[in-house]
1. From the backbone phi of region 186-200, what are the Karplus-calculated ³J(HN,Hα) couplings (6.51 cos²θ - 1.76 cosθ + 1.60, θ = phi - 60°) in whole Hz, Gly and Pro given as x?
2. Solvent-accessible area of M126, probe 1.4 Å, all protein chains present, reported in Å² to the nearest ten, please.
3. Between G255 and residues 5 or more places away or on another chain, which pairs have amide H atoms under 5 Å apart, with H built 1.01 Å from N, and which residues are they?
4. Taking the Cα centroid of region 37-90 and of region 94-131, what is the distance between the two, rounded to the nearest whole Å?
5. Rounding to the nearest 10 and keeping the result within 0 to 90°, find how far the Cα-based axis of helix 334-344 lies from the longest principal axis of the chain.
6. Taking region 2-192 as the region of interest, what is the percent of Cα-Cα pairs per 5 angstrom bin, listed from the shortest bin to the one with the maximum distance?
7. How far apart, in nanometres, would the label points at S380 and I200 be if each is projected 7 angstrom from Cα along the Cα-to-Cβ direction?
8. Between E325 and H307, what is the label-point separation in nm under the 7 Å Cα-to-beta-carbon projection?
Amino acid sequence: MAVIGLGYVGLPVASMLAEVGFDVIGVEIKAERVEKINAGILPMEGHEPGMQDLLGKVVSSGKLRATTLYKDLTDRDVILIDVETPVDDRNIPQYEALRSSLISLGPVLKAGALVIIESTIAPGTMEKLALPLLEAGAGGKVNVDFFLGNCPERVMPGKLLANLKNLSRVVGGGTPETAETMVTLYRFIVAADLDPVDWITAELVKTTENAYRDTQIAFANEVALICEAVGGDVWKVRELVNKSPYRLMHLPGAGVGGHCIPKDPWLLAYSVNGLDVPLKVIPTSRAVNDGMPLHMAELAQQALAEHSQEMAGSRILVMGYGYLEDSDDARNSPSEALVRRLHESGAEVVIHDPYLAEYQGDLTQCAANCDAAIVMVRHSEYTALDMAAFKDLLRLPVLVDGRGIYDKEQMLGHGYTFRGVGIG
Ligand code: SAJ
């Protein structure tokens, strides 16, 4: 076995395959990561239950070793590819990492080997990019000289091993036989459903499941904006809507961050790039969600105005810089867009986040002399705050709640000038 790309997907899957007895080589471009892994040291931040122990075990047993060299792969029967597939600022997929791994792999590919791309890719990428690159590099034909599959991952930071084991997966084979072979392989580490499909189905399912979540969040955010305008409480509305059968209204909030949800809708959209398939829901949902951090700035501006305070020259506390509660992961964080907008408006910004080293200062010190506090992430530290005491730390009692954490009446009772997403 081999795994190319030992990041937050590749390393757990390499370790789990090694744990069940496969001899696994991990190819990683970053030499310092290779060194750490071969020393049994987990090269990732955040808390991943079981990951450090598992890595130590499989490295010391010699079942997993890391290298930067593709030439070590010449005897490998199965090669998984877990490299990044980001989109650029024009929402076009950037496949450099995928391309270079395929180009490096082709010439060293063992006859009859099975290559499985686990990275999330736009529908059509297997056929149009992976297949031709591998056939050219290997100098052979797919389904004859080598076999090719797509099995998208469904991990989530903080639950990498649990998700790998317990979440079902679509298993996209170049042929039904290849898909069945892949099912047999994944059954060694996956306890949930393994659904054999073709490439395009696997590519569509993965990008669709995340585009689905993004549009559901956008819908919730649009209802939140309506509630603010007509005097509703979106959290109460959502709770009661979801009592109706077949409703699953998601949580509105200060924005959508992370490594999957902001990106995968664009990968799905890209599959029809240049074709006459006008998309509205997917791009508009992205725009609605990207607008939410800016909406937080508007809410702060409105509240400051009640104190005849301009945004320019104000000192604003941004609470939460990660993209998810109680996580140190700040990828595509909505707070980045908020801080940019606040700076553009001439405000001085203080950032606090208990999980990020550069923002871990004492919250009471961060709050001192601030004219407003904008809560962007539902970190436990913030949900447990003594809000009466917190108000006294601020220069102006302005509180903007981006995640439905605080009760409006209570906050008004404490003397705050309060704005909450979805609260009229
Ligand atoms: N968010 C909302 N409202 C919601 C849900 C999320 O505003 O109702 C925001 C979060 O605050 C965060 C962003 O969206 O900023 C993403 O949140 P997420 O819960 O989707 O977390 P992710 O990004 O780690 O999503 C991953 C995805 N898993 C994979 O791609 C394999 C996603 O498909 C899963 O649904 C999610 O984990 C999960 O909850 O397991």
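1. My calculation for region 186-200 gives 5, 4, 5, 10, 10, 8, 8, 4, 10, 9, x, 9, 8, 4, 5 Hz in order.
2. Roughly 0 Å² of M126 is accessible to a 1.4 Å probe.
3. none
4. Using only Cα atoms to place each centre, the spacing works out to 18 Å.
5. On a 0 to 90 degree scale, this one is about 50.
6. 1, 8, 17, 21, 22, 17, 10, 4, 0, 0
7. Going from the S380 label point to the I200 one covers 4.7 nm.
8. Between H307 and E325, the label points sit 2.7 nm apart.
The values are calculated or read from the model by the stated rules, or taken from the named source; none is laboratory data. Please read these numbers as outputs of a predicted model, since none were measured by experiment. Heads up, the Cβs are rebuilt from the backbone with ideal geometry, glycines too, and the neighbour counts pull from every protein chain shown. The accessibility values were calculated without ligands, DNA or RNA, using every heavy atom of the protein model including side chains. Shrake-Rupley method; radii C 1.70, N 1.55, O 1.52, S 1.80 Å.
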